[in-house]
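I have placed the structure first, in the form of structure tokens, so that the comments after it can refer back to it.
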Amino acid sequence: MATAPKSNCADAPGKLVPLIDRNRCEAKGDCVPICPYNVFEIQDLSAPERAELSWKGSIKAYFHGYRQAYAVRADQCHACGLCVQACPEKAIKLRAA
């Protein structure tokens, strides 16, 4: 797991959390190893999540096995932004919790 100096983190955990754009994420998983706080995992999209995808998002999800990144421990996010920078699809943004 890659680690970043804690001084790069803007806030205490949970003030900002990662928001993943389901229509952009292709489950490449670059966010998983770069996060020093183990916030992300790659998981299967649920049926309701699949139903909410745009047409383009549905096609992308199909070709990537309906798997995407999830911020399963978003409350541990310290807002360092490494995940935002690492995501090749620009699918992650930080927002207020």
**Asked** Carbon and sulfur together cover what percent of the accessible area of the chain at a 1.4 Å probe radius?
**Response** 55 percent
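Sort 64, 78 by accessible area with a 1.4 Å probe, largest first. Each step should come with its number before you reach the end.
Working: 64 70, 78 35 Å².
Largest accessible area first, the list is 64, 78.
Once every DSSP H run of n ≥ 4 in the chain is given -39500 (n - 2.57) and the sum is divided by its residues, what mean residue ellipticity at 222 nm do you get, rounded to the nearest 500 deg cm²/dmol?
Value at 222 nm, helices only: -5500 deg cm²/dmol.
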**Request:** Could you work out the Kirkwood radius for region 33-90, taking every pair of different alpha carbons, averaging 1/r and inverting it, reported in Å?
**Result:** 12.6 Å
**Request:** Keeping all protein chains in position, work out how much accessible area residue 63 exposes to a 1.4 Å probe, and write it in Å² to the nearest 10.
**Result:** 150 Å²
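Just to confirm, what accessible area per residue do you get for the chain at 1.4 Å probe, in whole Å²? Intermediate results must be reported in sequence, preceding the final value.
Working: 5640 Å² over 97 residues.
So the chain comes to 58 Å² accessible per residue, rounded to a whole number.
Step by step: find N for the chain, compute 2.2 N^0.38 Å, then divide the Cα radius of gyration by it. What's the final number? Before the final figure, lay out the partial values.
Working: Rg = 13.3 Å, N = 97, 2.2 N^0.38 = 12.5 Å.
Computed over Cα atoms of the chain, the ratio equals 1.06.
The values are calculated or read from the model by the stated rules, or taken from the named source; none is laboratory data. Keep in mind that what you see is a predicted model, and the values were worked out from it rather than measured. Areas reflect the complete protein model, heavy atoms only, side chains present, ligands, DNA and RNA absent. Shrake-Rupley method; radii C 1.70, N 1.55, O 1.52, S 1.80 Å.
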